[in-house]
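Chemist: Following this message is one structure expressed as structure tokens.
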Amino acid sequence: MLETFGKLSPSGNMDVDEQVAIFLHMCAHNVENGVMINRFHRSGEMISKCFARVCNAVIRLHPRLLKKPEPVPHNSTDQRWKWFKNCLGALDGTYIKCLVPPEDEPRYRTILNNEIATNVLGACSQDMQFIFVLVGWEGSATDGRVLRDALLRPHGLKVPRPFPFKVYDSDDNEKVAFSDL
């Protein structure tokens, strides 16, 4: 998929599999170029270029991986969704553990279980296809704050306006009124 639709190709003496391995290793383990130079026996410049190429290929997959939402029709017979006329899907937040510098740990410490994590918001359509993902908020951020940011970003989560509805977060009983944005 990265080769076909993301236009990722071998470069110099590095095949696509190695480029993807470098990208995934850097993302998964939060390591710097110096570590990657020793692990993959490549120059720092090559590691940086490789990371940028794979990142751009992943970004090119955006139209294929993230779907445009369609509201639940009024005549829906789907037992799970027929009660949610005009609903675009469902959204929820989750925590993903991460490594941050010691001085940033207080901001990333989660409220409930005291772990260091980043807050991720995902929205899915009725057929469980991702339509929006927002990553990067500190673990201490409330769901309402993350949702508000997603809605106010220039290329953020798109929902019909004006907001004639309210959202209730079942995780912490925090009410977010879209009409207040």
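The values are calculated or read from the model by the stated rules, or taken from the named source; none is laboratory data. Just so we're clear, the structure is a prediction, and the values are computed from it rather than from any experiment. FYI the Cβ positions are ideal-geometry reconstructions off the backbone, even for glycines, and counts take in every protein chain you see. Just so you know, the surface numbers come from the protein's heavy atoms only, side chains and all, with ligands and any DNA or RNA stripped out. Shrake-Rupley method; radii C 1.70, N 1.55, O 1.52, S 1.80 Å.
Chemist: Here is a list of conditions, (1) open to solvent by less than 60 Å² (accessible area, probe 1.4 Å); (2) in contact with a Leu (Cβ under 8 Å, 6 or more places away or on another chain); (3) in contact (Cβ under 8 Å) with a residue 24 or more places away in the chain, and GLU70 meets all of them except one; can you say which number that is?
Modeler: (1)
Chemist: For segment 74-81, state whether one or more residues are surrounded by 15 or more Cβ atoms within 10 Å (Cβ to Cβ) and assigned by the TED database to the domain that holds GLN129. Reasoning before the result, please.
Modeler: Applying the first criterion (surrounded by 15 or more Cβ atoms within 10 Å (Cβ to Cβ)) to segment 74-81 yields 76, 81.
Of the ones still in play, those that are also assigned by the TED database to the domain that holds GLN129 are 76, 81.
For segment 74-81, residues surrounded by 15 or more Cβ atoms within 10 Å (Cβ to Cβ) and assigned by the TED database to the domain that holds GLN129: present.
One line per residue, one yes/no per condition, for (1) among the β-branched types (Val, Ile, Thr); (2) assigned to a loop (DSSP other than H, G, I, E, B); (3) surrounded by fewer than 16 Cβ atoms within 10 Å (Cβ to Cβ):
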{"site": "THR4", "(1), (2), (3)": "yes, yes, yes"}
{"site": "LEU8", "(1), (2), (3)": "no, yes, no"}
{"site": "PHE23", "(1), (2), (3)": "no, no, no"}
{"site": "MET36", "(1), (2), (3)": "no, no, no"}
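Chemist: Can you tell me which residues in segment 118-134 are surrounded by fewer than 19 Cβ atoms within 10 Å (Cβ to Cβ) and modelled with pLDDT of 85 or more?
Modeler: Residues satisfying the conditions are THR118, VAL120, GLY122, VAL133.
Chemist: Please determine whether any residue of segment 137-152 is modelled with pLDDT under 80, out of contact with any Pro (no Cβ under 6 Å at 6 or more places or on another chain) and of a type in the set (A, V, I, L, M).
Modeler: Taking every residue of segment 137-152 in turn, none turns out to be modelled with pLDDT under 80, out of contact with any Pro (no Cβ under 6 Å at 6 or more places or on another chain) and of a type in the set (A, V, I, L, M).
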